[in-house]
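The structure appears right after this line, and notes come after that.
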Amino acid sequence: MRHLSFSTATIELLHIDDLPAVLDIERRSNSHPWTERNFQDALTSGYLCLVARGETGVCGFAIARLLLDEAELLLIAVSPECRRQGVAALLWNEMSERLHNNGARVLHLEVRESNASAQAFYVSRGLAQSGRRKRYYPSGAHGAEREDAILMQGAMSQ
Ligand SMILES: CC(C)(COP(=O)(O)OP(=O)(O)OC[C@H]1O[C@@H](n2cnc3c(N)ncnc32)[C@H](O)[C@@H]1OP(=O)(O)O)[C@@H](O)C(=O)NCCC(=O)NCCS
């Protein structure tokens, strides 16, 4: 059931002041989260860093990089209480438009094999599996085990 509507959420460039909220979402979304330094590096490297801002503040973010005509989605996450309300779709639309306008014609990414929600989201955006990287991610309580990465790819259109 949809409790809230984020149809009015705005998608903006990530500002350094958003980092505490973004880090909070990242830590609640990923078993091996990016550090504050990782986000700062993304900002200084010129990666496309977007946040979704709802009535109560930042509710999601996405980070992508562009190399010639290829874009790579590095991270996307929505705070657990705001999922399945179209927030990631809003981030995706803005990201795709900006990347396409800057020359991207294909988008690729890696996702944990166990992450069915994210894979379903990417399929809903038109991506398909393009490969697999064996034992790519650390997994398990102390990162001692390994998990395959599923590679996904899709054409970018405006
Ligand atoms: C993946 C994620 C970003 C999706 O965010 P979201 O805001 O909930 O996604 P949306 O509401 O925009 O979903 C758009 C569509 O994607 C698909 N989808 C999203 N989550 C899904 C799920 N859990 N199960 C099945 N389909 C799903 C649906 O088709 C959905 O449309 P619908 O709600 O009308 O059925 C979110 O689950 C998340 O933050 N997960 C943790 C972080 C993560 O795994 N990031 C990806 C790392 S590679």
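The values are calculated or read from the model by the stated rules, or taken from the named source; none is laboratory data. Remember, it's a predicted structure, so these values are computed and weren't measured experimentally. Cβ coordinates were reconstructed from backbone atoms using ideal geometry, including for glycine residues, and neighbour counts include every protein chain displayed.
Within region 66-88, the residues that satisfy the criterion of being under 16 Å from Leu13 (Cα atoms) and in contact with a helix residue (DSSP H, G or I) (Cβ under 9 Å, 6 or more places away or on another chain) are Leu66, Leu73, Leu74, Leu75, Ile76, Ala77, Val78, Ala88. Scanning region 100-110 for residues that are surrounded by fewer than 23 Cβ atoms within 10 Å (Cβ to Cβ) and either within 23 Å of Arg53 (Cβ to Cβ) or within 13 Å of the ligand (Cβ to nearest atom) (or both) gives His100, Asn101, Asn102, His108, Leu109, Glu110.
Where strands (runs of 3 or more DSSP E) fall entirely within region 100-158, those with at least 1 residues that are of a type in the set (Phe, Trp, Tyr) are at 128-139.
Given the structure, is Gly54 modelled with pLDDT under 95 and within 14 Å of the ligand (Cβ to nearest atom)? It is true that Gly54 is modelled with pLDDT under 95 and within 14 Å of the ligand (Cβ to nearest atom). Run Ser45 past the list (1) touching a Ser or Thr at 6+ places or on another chain (Cβ under 7 Å); (2) among the small types (Gly, Ala, Ser); (3) farther than 30 Å from Glu145 by Cα and report the number of the one that doesn't hold. That leaves (1) as the condition not met.
The residues of region 64-91 that are more than 6 Å from the ligand (Cβ to nearest atom), buried (at least 20 other Cβ atoms within 10 Å of the Cβ), in a strand (DSSP E or B) and within 12 Å of the chain's Cα centre (by Cα), listed by number, are Ala64, Leu73, Leu75. The set of residues in region 118-134 that are of a type outside the set (A, V, I, L, M, F, W, C) and under 16 Å from Asp148 (Cα atoms) comprises Gln119, Gln129, Ser130, Gly131, Arg132, Arg133, Lys134. Out of Glu94, Glu145, one residue alone is in contact with a Ser or Thr (Cβ under 6 Å, 6 or more places away or on another chain) and either more than 7 Å from the ligand (Cβ to nearest atom) or over 25 Å from Leu43 (Cβ atoms) (or both). It is Glu145. Taking Gly46 as meeting all but one of (1) under 26 Å from Pro20 (Cβ atoms); (2) loosely packed, with under 13 Cβ neighbours inside 10 Å; (3) within 15 Å of the ligand (Cβ to nearest atom), write down the number of the exception. All conditions are met except number (3).
Evaluated against (1) more than 25 Å from Glu12 (Cα to Cα); (2) loosely packed, with under 15 Cβ neighbours inside 10 Å, Glu113 falls short on exactly one condition, (2).
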